[in-house]
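A.B. asks: Submitted below is the structure of interest, expressed as structure tokens.
The values are calculated or read from the model by the stated rules, or taken from the named source; none is laboratory data. The structure presented is a predicted model; accordingly, all values stated were derived computationally and were not measured. A quick note on method: Cβ atoms are made from the backbone with ideal geometry, for glycine too, and the neighbour counts reach across all protein chains shown. Accessible surface is based on the protein model in full, side chains and every heavy atom, while ligands, DNA and RNA are left aside. Shrake-Rupley method; radii C 1.70, N 1.55, O 1.52, S 1.80 Å.
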Amino acid sequence: MVDRWDERAKGAVHEPSLALHIEDLTVSYDHRPVLWDIDLDIPPGVLAAVVGPNGAGKSTLVKAVLGMVKPAAGHVYVFGRPHLQQLRRIGYVPQRTTVDWDFPTTVLDVVMMGLYGQLGWIRRPGRAERRKAMDALEQVGMAAFCHRQISQLSGGQQQRVFLARALVQDAELYLLDEPMAGVDATTERHIIGLLKELRSRGKTLLVVHHDLQTLPEYFDWLVLLNVRIVAQGPLKQVYTLANLRQTYGSQIGLLHGMPAGTGGPGAESPGSAALETAAPRAGGRR
Amino acid sequence: MLAAFFDNPELMFMTIGALVGVAASVLGAFLVLRGTSLYTDAISHSVLLGIVLVYLATGEVNSPYQLVGAAAAGLLTVYLSELLTSSRLLKRDAAVGLVFPALFALAMLLIGLYARRVHIDADAVLLGELAFAWLDTVPIGEYAVPRSLVTMGIIALADVLFVGLFFKELKLATFDAGLARALGFRPRLLFYGLLFLTSVTAVGAFDAVGAVLFIALVIVPPAAAHLLTDRLWLMVIGGGAIALFASAGGYWAAMRWDVSIGGMMAVVNGLILLAAFFLGPRHGLLARLLRGRRQRAEAHVRMLLVHLYTHEGDEQAERENAALALEHHLRWPAEQARRVVAQAEALGLVTSEPEGQRLHLTGAGREAAREVLEPWRRR
Ligand SMILES: Nc1ncnc2c1ncn2[C@@H]1O[C@H](COP(=O)(O)OP(=O)(O)OP(=O)(O)O)[C@@H](O)[C@H]1O
Ligand SMILES: [Mg+2]
């Protein structure tokens with residue numbers, strides 16, 4: 001079904017200089033649009049954050065790129081080709097809640113699943129695959145847990161296993177849905193270190209993120225989403241209080257972290273109450 | 001010798017039952033994990049429609065077309081149910097519950113109207129009659145081989161081959177359909193393949209064991225195996241082994257007490273499930289109970305360590321770190337305090353001098369206490 005939708009664009013090369021190029025994408029559940037007329041460009045080699053309130057459609061955007069939901073309209077190109085032809089070049093770390101944690105499978109097994117695509121049909125994973133999977137587990141610091149059943153891990157550990165699975169896929173575009181949710185500070189720093197290393201190897205990463213405070217420290221590209229795209233571009237240009245306020249609407253006062261003390265955004269509306277309550281916290285953390 | 005084997009009804013019952021059991025449970029592992037074991041119920045009822053329609057078209061009850069027709073009816077059930085589910089008007093179980101009784105009723109209606117003379121009666125379909133299955137034979141070489149044995153042998157082989165060949169693909173499609181699709185596999189196709197084989201197996205199983213036992217064999221052995229292991233391949237093989245054991249045990253019990261063979265097979269399967277539920281090493285009730293107790297004990301030892309650690313060095317240490325003070329400060333009854341201290345001592349985390357009086361942390365004990373207080377040190 002999904003294949004037919006993209007028939008028109010089959011074979012056509014479109015914007016090959018972009019890692020991800022989305023045109024006029026609309027996705028609805030039960031005729032209620034949750035993504036509306038999205039135009040999005042992600043250049044290769046950036047570490048990009050997707051930010052927006054709960055229900056903004058961040059996960060849906062990620063799923064649309066992966067072909068897991070069927071768009072009502074629009075086109076998605078990955079490295080210049082229709083995304084459904086490029087799925088193997090995409091690595092994906094799902095949001096935690098979407099997995100059956102009781103499934104009879106071990107940590108090592110889950111990581112090896114990332115290699116199934118390279119194996120193709122019927123061929124079994126062997127020693128080489130085990131080694132690759134162990135290497136990836138080593139990288140995320142989870143090698144000691146390789147024989148555990150996946151429900152016997154903490155949330156942060158589970159997250160790292162799925163990160164390892166994405167690593168072995170050896171993709172070029174990585175989509176990560178809140179990889180930092182529910183992990184402690186050390187693990188978060190570890191994960192972001194890995195992501196930055198991937199970027200330095202020329203990979204492109206699109207990360208759904210929730211903590212506004214850490215945005216400038218972690219990312220170099222920013223997409224603000226709330227059903228529509230509010231703003232997108234290099235983080236330095238997009239990370240402004242005005243943009244964030246537009247994204248989060250009236251919830252702005254409730255936010256944990258705000259752009260502050262960095263000069264640019266604070267200068268835009270220095271008298272803001274939200275800024276004043278948030279600024280001391282932002283300062284205290286660094 | 002072989003002739004004696006085929007002529008021995010007891011061995012035949014057991015072999016056919018075992019074949020059905022292995023075939024059903026191997027497929028069942030994936031259906032159970034996918035949360036769609038209800039489809040088994042649906043399929044095994046609605047295949048009757050396929051059987052009836054093929055009979056009305058060809059006038060034969062035992063043709064191979066029967067398998068095709070029945071499998072088609074089974075897939076139709078699944079397709080309609082998925083369609084209703086994806087419309088989001090109904091939950092999956094409600095959708096299944098709506099579709100298959102309708103198809104089953106249609107089949108009964110058609111039998112009532114046009115096929116009254118044929119021996120497709122509902123009881124035979126639902127309960128089967130293993131005891132007669134061996135009477136209907138086909139000649140193979142010089143032997144008269146029971147038809148059920150031949151069909152079930154072929155079907156079981158097909159099922160095992162399918163699961164063996166596509167094990168990796170089935171695993172991925174069941175665990176993470178999204179990734180399966182992204183990596184270029186066809187999870188929907190695999191799923192329908194699985195259900196196609198389930199339908200075929202259901203038809204093959206009818207003659208021998210009937211729909212009710214078939215449903216039990218699809219669901220119960222894999223469910224029991226899941227309670228016993230955390231590896232998918234062990235769950236699949238274990239499910240098959242349980243089914244084998246249950247068919248032998250069920251047969252033996254049926255002979256012993258002179259009751260229905262099929263019924264006894266279901267009973268043995270049920271008993272194994274029950275045993276796994278209580279005694280399973282990880283998910284079993286008993287294991288959970290013991291684990292809970294051990295974890296409570298460990299938590300108490302940790303509390304003791306932290307208590308000693310926080311008071312180490314301050315001037316109250318003399319008073320706080322006495323075994324007697326534990327009753328007071330941790331609100332532990334004397335008996336419990338003594339037990340926890342003994343445990344901590346046995347683990348080499350705490351020493352006391354004089355015996356049971358003043359408590360000191362050992363190096364390991366101090367390390368363990370700091371690990372609790374500073375979890376980020378652990379890595
Ligand atoms: N399968 C579904 N069927 C119907 N509605 C859905 C479905 N999945 C998501 N939605 C709705 O679509 C909207 C966007 O959901 P989505 O999961 O993309 O949000 P999100 O930005 O990822 O939120 P969160 O920050 O909570 O993860 C929400 O209003 C949600 O209720
Ligand atoms: Mg989400």
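A.B. asks: Taking H as built 1.01 Å from N, whose amide H comes closer than 5 Å to the amide H of A:Val93, not counting residues under 5 places away?
C.D. replies: Counting only residues 5 or more places away or on other chains, the set is A:Leu175, A:Leu176, A:Asp177.
A.B. asks: On to the next question. What is the percent of Cα-Cα separations in the range A:15-277 that go past 28 Å?
C.D. replies: When every Cα pair of the range A:15-277 is considered, 36 percent fall beyond 28 Å.
A.B. asks: Sticking with this structure for a sec: Where Rh is the Kirkwood radius over the Cα pairs of the range A:97-235, the temperature 37 °C and the viscosity 0.692 mPa s, what D in µm²/s does Stokes-Einstein return?
C.D. replies: Values: Rh = 16.1 Å.
My calculation gives 204 µm²/s for D.
A.B. asks: Also: Restricting things to alpha carbons, tell me how big the protein assembly as shown is in terms of Rg and Dmax, in Å.
C.D. replies: Rg, Dmax (Cα atoms, Å): 31.2, 99.
A.B. asks: For chain B, list log₁₀ I(q)/I(0) at each q in 0.12 Å⁻¹, using the Debye formula over Cα point scatterers of equal strength and ignoring solvent, two decimals each.
C.D. replies: -0.88
A.B. asks: I've got another one for you. With a 1.4 Å probe and all protein chains in place, put B:Arg282, A:Arg123 in order of accessible area, largest first.
C.D. replies: Numbers: B:Arg282 95, A:Arg123 140 Å².
Largest accessible area first, the residues go A:Arg123, B:Arg282.
A.B. asks: In chain B, with Lys and Arg counted as +1 and Asp and Glu as -1 at Cβ, which of these residues, B:Gly363, B:Met265, B:Phe166, has the Cα nearest the positive end of the dipole, that is, farthest along it?
C.D. replies: The one lying farthest along the dipole's positive direction is B:Gly363.
A.B. asks: Okay, next question. Kindly state, to the nearest 0.05, the FRET efficiency for B:Thr58 paired with B:Leu157, given R0 = 30 Å and r defined as their beta-carbon distance. Write down the numbers at each step before the final one.
C.D. replies: Details: r = 26 Å, r/R0 = 0.87.
That pair, B:Thr58 with B:Leu157, gives E of 0.70.
A.B. asks: For A:Asp184, put the label point 7 Å out on the Cα→Cβ axis and report which residues of the range A:151-173 keep their amide N under 16 Å from it.
C.D. replies: A:153-160
A.B. asks: I would also like to ask the following. Using only protein heavy atoms and a 1.4 Å probe, how much accessible area in total is buried between A and B, to the nearest 100 Å²?
C.D. replies: Details: alone 13680 and 20230 Å², together 30910 Å².
Rounded to the nearest hundred, the buried surface is 3000 Å².
A.B. asks: Let me ask something else about it. Given charges of +1 on the Cβ of Lys and Arg and -1 on the Cβ of Asp and Glu, with all other atoms neutral, how large is the dipole of the protein assembly as shown about its Cα centre, in debye to the nearest 20? Write down the numbers at each step before the final one.
C.D. replies: Numbers: 62 positive and 59 negative charges, 198 e Å.
Dipole of the protein assembly as shown, to the nearest 20 debye: 960 debye.
A.B. asks: Roughly what would the spin-label model give for B:Arg92 and A:Val13, points 7 Å off Cα along C-beta, in nm?
C.D. replies: For the pair B:Arg92/A:Val13, the computed spacing is 4.3 nm.
A.B. asks: Give me the net charge of B:Pro281's neighbourhood, meaning all other residues with Cβ under 12 Å from the Cβ of B:Pro281; Lys, Arg count +1, Asp, Glu -1.
C.D. replies: Numbers: positive: B:Arg282, B:Arg288, B:Arg291; negative: B:Asp230.
Here the charged neighbours net out to +2.
A.B. asks: Which residues of the range A:109-139 bury at least 50 Å² of accessible area once all protein chains are present, versus their chain alone (1.4 Å probe)?
C.D. replies: Buried-area filter returns A:Met113, A:Tyr116, A:Trp121, A:Ile122, A:Arg124.
A.B. asks: Place a +1 charge on the Cβ of each Lys and Arg in the range B:24-283 and a -1 charge on the Cβ of each Asp and Glu, then give the dipole magnitude about the Cα centre in debye, rounded to the nearest 20.
C.D. replies: 840
A.B. asks: Given H placed on each backbone N at 1.01 Å, which residues far from A:Thr26 in sequence or on other chains put an amide H within less than 5 Å of it?
C.D. replies: HN-HN under 5 Å from A:Thr26: A:Asp37, A:Ile38, A:Ala72, A:Ala73, A:Gly74.
A.B. asks: Lysines within cross-link reach of A:Lys196: Cα-Cα under 27 Å, excluding same-chain residues under 8 positions apart?
C.D. replies: Straight-line reach from A:Lys196, under 27 Å: A:Lys58, A:Lys63, A:Lys132, A:Lys236.
A.B. asks: Return the FRET efficiency for the residue pair A:Asp170, A:Asp211: r is the Cβ-Cβ distance, R0 is 35 Å, and the value is rounded to the nearest 0.05. List each step's numbers first, then the result.
C.D. replies: Details: r = 28 Å, r/R0 = 0.81.
Working from the Cβ atoms, E equals 0.80.
A.B. asks: Hey, what number do you get for the protein assembly as shown at 222 nm if only DSSP H runs of n ≥ 4 count, each worth -39500 (n - 2.57), divided across all residues, to the nearest 500? Could you put the intermediate results ahead of the total?
C.D. replies: Working: 30 runs with 391 residues, N = 665.
Calculated at 222 nm, the ellipticity per residue is -18500 deg cm²/dmol.
A.B. asks: How many nm separate the modelled label positions at A:Asp24 and B:Leu234, each set 7 Å beyond the Cα in the direction of the Cβ?
C.D. replies: Distance between the two pseudo-spin positions: 5.5 nm.
A.B. asks: Please identify the chymotrypsin sites (Phe, Trp or Tyr not before Pro) of the range A:37-103 that satisfy two criteria: DSSP loop assignment and at most 14 other Cβ atoms within 10 Å. Which are they?
C.D. replies: Working: sites: A:Tyr77, A:Phe79, A:Tyr92, A:Trp101; in loops: A:Phe79, A:Trp101.
Within the range A:37-103, the qualifying chymotrypsin sites (Phe, Trp or Tyr not before Pro) (loop, at most 14 other Cβ atoms within 10 Å) are A:Trp101.
A.B. asks: Restricting to the protein assembly as shown, what percent of DSSP beta bridges are antiparallel, rounded to 5?
C.D. replies: Working: 30 of 47 bridges.
Taking every DSSP beta bridge with both residues in the protein assembly as shown, the antiparallel ones total about 65 percent.
A.B. asks: Does a label point 7 Å from the Cα of B:Ala346, set along Cα-to-beta-carbon, have any residues of the range B:277-301 with amide nitrogen under 17 Å, and which are they?
C.D. replies: Within reach of a label on B:Ala346, which here means backbone N under 17 Å from a point 7 Å along Cα→Cβ, the range B:277-301 contributes B:290-301.
A.B. asks: What's the angle, to the nearest 10 degrees (0 to 90), between helix B:187-228's Cα axis and the longest principal axis of chain B?
C.D. replies: Helix B:187-228 and the main axis of chain B meet at about 90 degrees.
A.B. asks: Taking a temperature of 37 °C and a viscosity of 0.692 mPa s, what whole-number D in µm²/s does Stokes-Einstein yield for the range B:1-80 with Rh from Kirkwood over alpha carbon pairs? Kindly include the intermediate steps, with their values, before the conclusion.
C.D. replies: On the way: Rh = 14.6 Å.
This corresponds to a translational diffusion coefficient of 225 µm²/s.
A.B. asks: Which cross-chain or sequence-distant (5 or more) residues have an amide H under 5 Å from the amide H of A:Ala231, H modelled 1.01 Å from N in plane?
C.D. replies: A:Leu224
A.B. asks: Given a Förster radius of 45 Å and the C-beta distance between B:Ala144 and A:Asp135 as r, what FRET efficiency does 1/(1 + (r/R0)^6) yield to the nearest 0.05?
C.D. replies: Working: r = 60 Å, r/R0 = 1.33.
For B:Ala144 and A:Asp135, the calculated efficiency is 0.15.
A.B. asks: Another one. Please state, as a whole number in µm²/s, the translational diffusion coefficient that the Stokes-Einstein equation yields for the range A:1-152 at 10 °C and 1.306 mPa s, with Rh defined as the Kirkwood radius across alpha carbon pairs.
C.D. replies: Values: Rh = 17.7 Å.
In µm²/s, the coefficient rounds to 90.
A.B. asks: Suppose each label sits 7 Å from its Cα in the direction of the beta carbon; what would the A:Leu119-B:Thr85 distance come out to in nanometres?
C.D. replies: If labels sit at A:Leu119 and B:Thr85, their model points lie 2.6 nm apart.
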